[in-house]
Amino acid sequence: MILEAWRVSRHHVPRLGVAALAAAVVRKVRREGIAGLVRGFRDLAARAEDERTIYAKWVAATALTTADIERMRESIDSFSRKPRFSIAVPVYNVDARWLESVVASVRAQVYPYWELCLADDASTEPHIRPMLERFCRDDARIRAVFRQQNGHISEATNSAIEIATGDYVVLVDNDDEIAPESLFEFARVIDREGLVDMIYSDEDKLSVGGDRFEPFFKPHWSPEYLETCMYTAHLACYRTDLFRAVGGFRKGYEGAQDYDFVLRFTERASRILHVEKVLYHWRVIPGSTALALGQKKYVVDAGCRALSDRLSRTGRDGVAQSSPYPGCFWIEEKVSGEPLVSIVIPSAGRDARIRGRATDLLVNCVKSLRSKTDYRNYEIIVVDNDDLRSTTRQFIEANGCRLVHFREPFNVARKMNLGARESRGELLLFMNDDIEVINPEWLRRMIPLVQRAGVGVVGAKLLFESGKIQHVGVAFDDDGLPDHVLRGFHGDSQGYFFSVAGNRDFLAVTGACMLTPKPLFESIGGFDEAFAINYNDIDYCLKAHHAGYRSVYTPHARLYHFESQNRERVVAPQEIELFLQRWADTTKRDPYYGRMFRNKPPDFRLRPVGEAQSHQWK
């Protein structure tokens, strides 16, 4: 029963690494015995089944009607741009029924301006060639090329592209299916936006029996997330001339050939857009990558090589490696130069109970910084209220911190701005005084991210004293107000498709540990002092976003945040009103957390269909 519960639930809940899972199981047995463990897995299975039921209703709610299709076809006539799509399908010894299905899904496209380019990779199964020849006879838009030697998927895909004549290339596997509206949705984006280099959609999985499950609702374009996993995979279209200029697929990266290609393609692309609809159905059959990536080591190895090549091409000094989560990659990058980091800590000299003992928070924070941080070029600026205890002041001064006194009415934003003005560093790191360092490399893992072009803010992984998640990124609810993603989940959870396990863009991160370049801080006006207590950090991230900069969460900087796990955050009404006046139009369409997910709390669980806005579903 335990194994069955895990099998059912493993794709639908934030997963743990193998070691973390084993430790969690041991703790559960010690606390609650085997019966408690069984109950836990039953709860997981129930949640997974609940998600699967919700998604089944989602699928039913989004099914195209005859009227939908007719409206789409009528709207095509009004398109000022009608791009032609070349659908490239490499074929090798695929089961006849799946080959029939993929071709049928292409022929069922609402949008008519397409060609299907089939490349047989010297299949040995006798049914392949006759089927391809029949497809070509049945529809003039279908063409096939027959390779004389097997070259594996990279060369076969390139052969399909060689006969392509369309404006955009669309890649489809020979045993999957695409939704009838797929090309229509891509064409509609191109008609609306003009020249686009790449468009990608959401996807789900398709069982042998035809059931759809495990939807992957993706964020908008996130370069950091792409280096964590091949999240754009299906369905995507690429501008043909740029596809060819990049060089197509490279042999030697089989299993991750599409990942290697997309990494190269996006380095040269300027406009990458996301369609928030499930347009691809990835069939799960025995032996497929969709079913068991962890069992295919060559896929993971090829992904690491593709990322290592990317580092070399882009002049970055780092190492790509697989993570404990199959399909998730980590890059350990070296700091460029040795920039001075100014750590600004606004403090009120508070005490709190940590590990059962009364603790001076500021002393504990500084002690952990000095003893556990292996990046040494930093300064610490403490902005106090000029009322620290003498023992605290002596400790702070003995540890080389600079004290800046704040003697005005309470205003956290003003205190942080004051600390920033007194700083000497190229980079500013704002930190609460109730923080404690966990991993010594935390700072040198944050710096390379904020040194990347287009990145304006980097946030850390913060844990409660219990080890559960306090912060791994910020999402926004239907009202446009912020909340912490997966707050209270297990600290080693991988999150929704590695959203916790790897680097990822969010619209905002918390100011409890936030790194930003000083020139950017000064150019956008620092923290808005109208947000005296709350939202000043979120407001800062949104100002950076509107200036064209990304906010990045990284799991490789891990720190404790001794905020009360059960304390409900209270925000002054005037701060809420000001925040919504300024940002509601932006935050009500969070580009990194889809509205098909629940957001109270934001835990990546699907909403019931009835709670969704109508345009989410069609």
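The values are calculated or read from the model by the stated rules, or taken from the named source; none is laboratory data. Values in this document were obtained by computation on a predicted structure and should not be read as measured data. Methodologically, a virtual Cβ is constructed for each residue, glycine included, from the backbone with ideal geometry; neighbour enumeration extends over all protein chains shown. The protein model used for the area step is the full one, side chains on, heavy atoms only, and it has no ligands, DNA or RNA in it. Shrake-Rupley method; radii C 1.70, N 1.55, O 1.52, S 1.80 Å.
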Being under 24 Å from residue 284 (Cβ atoms) and in a loop (DSSP other than H, G, I, E, B) is the filter here; which residues of the range 97-119 pass it?
108, 109
Of the conditions (1) surrounded by 13 or more Cβ atoms within 10 Å (Cβ to Cβ); (2) under 25 Å from residue 468 (Cα atoms), the single one that residue 587 does not satisfy is (2)
Here is a list of conditions, (1) open to solvent by less than 30 Å² (accessible area, probe 1.4 Å); (2) modelled with pLDDT under 95; (3) not small (Gly, Ala, Ser), and residue 49 meets all of them except one; can you say which number that is?
(1)
Can you pull out every residue in the range 470-488 that is within 17 Å of the chain's Cα centre (by Cα) and either open to solvent by less than 20 Å² (accessible area, probe 1.4 Å) or of a type outside the set (D, E, K, R) (or both)?
471, 472, 473, 474, 475, 476, 484, 485, 486
Can you find a residue that is open to solvent by 10 Å² or more (accessible area, probe 1.4 Å) and within 24 Å of the chain's Cα centre (by Cα) anywhere in the range 240-250?
no
Yes/no for residue 192 being without any contact (Cβ under 8 Å) to a residue 40 or more places away in the chain, out of contact with any Ser or Thr (no Cβ under 9 Å at 6 or more places or on another chain) and basic (Lys, Arg):
yes
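When the residues of the range 120-145 are filtered to those that are among the charged types (D, E, K, R) and open to solvent by less than 30 Å² (accessible area, probe 1.4 Å), which remaining residue is nearest to residue 85 (Cα to Cα)? Before you say what the answer is, go through the steps one by one.
Restricting attention to the range 120-145, the residues satisfying the condition of being among the charged types (D, E, K, R) are 120-121, 125, 129, 133-134, 137-139, 141, 143.
Still in the running and open to solvent by less than 30 Å² (accessible area, probe 1.4 Å): 120-121, 139.
Details: 120: 20, 121: 22, 139: 15 Å.
Checked the range 120-145; the qualifying residue nearest to residue 85 (Cα to Cα) is 139.
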Within the range 569-598, track down each residue that is under 24 Å from the mean Cα position of the chain (by Cα) and either among the basic types (Lys, Arg) or at pLDDT below 90 (or both).
588, 589, 594, 595, 596, 598
Give the residues of the range 479-508 that are more than 17 Å from residue 554 (Cβ to Cβ) and in contact with a Ser or Thr (Cβ under 7 Å, 6 or more places away or on another chain), sorted by residue number.
480
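Between 477, 505, which is modelled with pLDDT under 95 and not hydroxyl-bearing (Ser, Thr, Tyr)? Reasoning before the result, please.
Working: 505 fails: modelled with pLDDT under 95.
Exactly one residue qualifies, and that residue is 477.
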Across the range 191-202, what is the total count of residues that are open to solvent by less than 10 Å² (accessible area, probe 1.4 Å) and within 26 Å of the chain's Cα centre (by Cα)?
7
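Is there a residue being in contact with a Pro (Cβ under 7 Å, 6 or more places away or on another chain), buried (at least 22 other Cβ atoms within 10 Å of the Cβ) and farther than 17 Å from residue 88 by Cα anywhere in the range 225-237?
Looking only at the range 225-237, we keep the residues that are in contact with a Pro (Cβ under 7 Å, 6 or more places away or on another chain), and these are 225.
Filter once more, keeping what is buried (at least 22 other Cβ atoms within 10 Å of the Cβ): 225.
Still in the running and farther than 17 Å from residue 88 by Cα: 225.
Among the residues of the range 225-237, at least one is in contact with a Pro (Cβ under 7 Å, 6 or more places away or on another chain), buried (at least 22 other Cβ atoms within 10 Å of the Cβ) and farther than 17 Å from residue 88 by Cα, which makes the answer yes.
Among the residues of the range 191-225, how many are among the basic types (Lys, Arg) and closer than 21 Å to residue 591 by Cβ?
Start the filter on the range 191-225 by keeping residues that are among the basic types (Lys, Arg), which leaves 192, 205, 212, 218.
The next check asks that each one be closer than 21 Å to residue 591 by Cβ; those that pass are 192, 218.
Number of matching residues: 2.
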Positions within the range 159-170 being under 20 Å from residue 99 (Cα atoms), touching a helix residue (DSSP H, G or I) at 6+ places or on another chain (Cβ under 7 Å) and crowded, with 23+ Cβ neighbours inside 10 Å, in sequence order:
169
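Would you point out which residue out of 67, 122, 60 is over 30 Å from the mean Cα position of the chain (by Cα) and assigned to a helix (DSSP H, G or I)? Even if it seems obvious, please write down each step before you answer.
Details: 122 fails: assigned to a helix (DSSP H, G or I); 60 fails: over 30 Å from the mean Cα position of the chain (by Cα).
Of 67, 122, 60, the one residue that is over 30 Å from the mean Cα position of the chain (by Cα) and assigned to a helix (DSSP H, G or I) is 67.
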Residue list for the range 72-91, restricted to those being assigned to a helix (DSSP H, G or I) and surrounded by 13 or more Cβ atoms within 10 Å (Cβ to Cβ)
72, 73, 75, 76
Just a yes or no: is a residue in the range 106-119 open to solvent by less than 20 Å² (accessible area, probe 1.4 Å), out of contact with any Lys or Arg (no Cβ under 9 Å at 6 or more places or on another chain) and hydroxyl-bearing (Ser, Thr, Tyr)?
no
Going by what's in this entry, would residue 540 be described as buried (at least 24 other Cβ atoms within 10 Å of the Cβ), at pLDDT 95 or above and in a helix (DSSP H, G or I)?
yes
Restricting to the range 93-151, count the residues that are touching a residue at least 40 places away in the same chain (Cβ under 8 Å) and among the aromatic types (Phe, Trp, Tyr).
4
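Going by the conditions given, is residue 204 touching a helix residue (DSSP H, G or I) at 6+ places or on another chain (Cβ under 8 Å) and either farther than 15 Å from residue 236 by Cα or among the charged types (D, E, K, R) (or both)? Before the answer, list the steps.
Values: touching a helix residue (DSSP H, G or I) at 6+ places or on another chain (Cβ under 8 Å): yes; either farther than 15 Å from residue 236 by Cα or among the charged types (D, E, K, R) (or both): yes.
Spelling it out, residue 204 is indeed touching a helix residue (DSSP H, G or I) at 6+ places or on another chain (Cβ under 8 Å) and either farther than 15 Å from residue 236 by Cα or among the charged types (D, E, K, R) (or both).
For the range 416-450, how many residues meet the condition of being of a type in the set (S, T, N, Q) and either surrounded by fewer than 19 Cβ atoms within 10 Å (Cβ to Cβ) or at pLDDT below 95 (or both)? Lay out the reasoning, then the answer.
Within the range 416-450, the first condition is being of a type in the set (S, T, N, Q), and the residues that meet it are 417, 423, 432, 439.
Next, only the ones that are either surrounded by fewer than 19 Cβ atoms within 10 Å (Cβ to Cβ) or at pLDDT below 95 (or both) stay: 439.
The qualifying residues number 1.
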Kindly list the number of the only condition in (1) within 18 Å of residue 251 (Cβ to Cβ); (2) out of contact with any helix residue (DSSP H, G or I) (no Cβ under 8 Å at 6 or more places or on another chain); (3) of a type in the set (S, T, N, Q) that fails for residue 124.
(1)
Pair list, Cβ < 9 Å and 6+ apart or interchain, from the range 242-260 residues that are farther than 17 Å from residue 305 by Cα and touching a residue at least 40 places away in the same chain (Cβ under 8 Å) to residues that are surrounded by 24 or more Cβ atoms within 10 Å (Cβ to Cβ) and among the hydroxyl-bearing types (Ser, Thr, Tyr):
243/168
Among (1) at pLDDT 95 or above; (2) farther than 25 Å from residue 379 by Cα - the single one residue 456 does not satisfy:
(2)
Qualifying strands (runs of 3 or more DSSP E) (wholly inside the range 256-368; at least 1 residues being open to solvent by less than 20 Å² (accessible area, probe 1.4 Å), within 30 Å of residue 406 (Cβ to Cβ) and of a type outside the set (Asp, Glu)):
341-346, 351-354
Single match in 553, 549 (criterion: of a type in the set (Ser, Thr, Tyr) and either open to solvent by 10 Å² or more (accessible area, probe 1.4 Å) or farther than 27 Å from residue 366 by Cβ (or both))
549
